[in-house]
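The values are calculated or read from the model by the stated rules, or taken from the named source; none is laboratory data. These numbers were taken from a predicted model, which means no experiment stands behind them. Every residue, glycine as well, gets a Cβ built from its backbone with ideal geometry; the counts of neighbours run over all protein chains shown. Just so you know, the surface numbers come from the protein's heavy atoms only, side chains and all, with ligands and any DNA or RNA stripped out. Shrake-Rupley method; radii C 1.70, N 1.55, O 1.52, S 1.80 Å.
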Amino acid sequence: MSTAETVNLNDFYTVLRERHSVRAYDPAVKIPREELKEMLELSLSAPSSSNLQPWRFLVIDEDELKQKLLPIANNQQQVVEASAIIAVLGDLKSYEQADAIYSQSVAMGAMTEEIKNNFVERLQQMYGGLGDERLHQVNLLDAGLISMQLMLIAKAKGYDTVPMGGYNPEKFIEAFEVPETLKPIVLIAIGKAAKPAHATPRLGIDQVTSWNSFQS
């Protein structure tokens, strides 16, 4: 391994160690939209089921709309103090994008047009027959993957985050006129910590890991 690779790995490990959930933000710090867009774009490399990328984002960075969100999110103060709230939603019709996604694979030379057509047809039949609840379960996993990636990217750029599941999704849908094909999954506050974050305890590796069997 080269020295450069080692340094990059050390930087990555630092990001992993220093990322903590932050609930107190400096309200004077405003992240430019271009920078938020850059972080979101970087997060798009996250893996997803069949590469259907069902995540959709609603970025809430206007003060009036953050105040509107506050009671919906159980009056958590970070909603109004953070630079922005990124709502991660799952698209129940993401499989309809399969042709557009895999046409790019054809353009890249990764598959032929014939293989793409057969593959897309199978995907659309399979996902189209799952039903909304099963599709939502798939989307929960994919949203978790991209959310973690986004939070690590934010930390690498010097920002702090906290994921929030404590909100009323039905009221969120109503207040922000969410299309019926999208289901809210998690809210992520992003900004600059008002005070240093502190580490939280973790279970030991032997408490959470078994090898080959759960029988001791």
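Remarks
- Reachable lysines, given that their alpha-carbon falls under 27 Å from the alpha-carbon of LYS116 and they are not under 8 places away in the same chain: LYS93
- For LYS37, the aspartates and glutamates whose Cα falls under 13 Å of its own Cα, not counting residues fewer than eight places away in the same chain, are ASP61.
- Using a simple spin-label model with pseudo-atoms 7 Å out from Cα toward Cβ, GLU113 and THR14 lie 5.1 nm apart.
- Taken about its Cα centre, the stretch 169-216 carries a charge dipole of about 360 debye when Lys and Arg each add +1 at the Cβ and Asp and Glu each add -1 at the Cβ.
- Accessible area of the chain belonging to carbon and sulfur atoms, whole % at 1.4 Å probe: 53
- Long-range amide H partners of VAL22 with built H, under 5 Å: THR161, VAL162
- Computed from backbone phi, the HN-Hα couplings of the stretch 70-84 come to 3, x, 5, 9, 6, 6, 6, 5, 5, 4, 9, 8, 5, 4, 7 Hz, rounded to whole numbers (Karplus: 6.51 cos²θ - 1.76 cosθ + 1.60, θ = phi - 60°; Gly and Pro given as x).
- Probe 1.4 Å, accessible area per residue of the chain, Å²: 60
- For the chain, size of Cβ-based charge dipole, Lys and Arg +1, Asp and Glu -1, in debye: 660
- Note on the chain: dipole from Cβ charges, positive end direction compared against SER83, ILE205, SER49; the farthest Cα belongs to ILE205.
- Note on the chain: Cα-Cα pairs beyond 31 Å make up 33% of the total pair count.
- Sequence-distant contacts, meaning Cα pairs under 8 Å at least 6 residues apart, place the relative contact order of the chain at 33 percent.
- Straight-distance crosslink candidates among lysines, where the alpha carbon sits under 22 Å from LYS195 and sequence neighbours closer than 8 are dropped: LYS30, LYS66, LYS155, LYS157
- Percent of C-alpha pairs per 10 Å bin in the stretch 144-212, short distances first: 15, 32, 33, 17, 3.
- Overall form of the stretch 122-168 per C-alpha gyration tensor (a/c, 1.5; a/b vs b/c): oblate
- Mean silhouette area of the stretch 77-165, derived from the convex hull of its C-alpha atoms and averaged over all directions, reads 7.8 nm².
- Burial ranking of peptide ranges 178-191, 132-145 (average Cβ count within 10 Å, highest at the top): 178-191, 132-145
- With θ taken as phi - 60° and the Karplus curve 6.51 cos²θ - 1.76 cosθ + 1.60 applied, the whole-hertz 3J(HN,Hα) list for the stretch 122-129 is 5, 4, 5, 5, 5, 5, x, x Hz, x standing for glycine and proline.
- Over the stretch 15-84, Cα pairs under 8 Å with separation of 6+ residues give a relative contact order of 49 percent.
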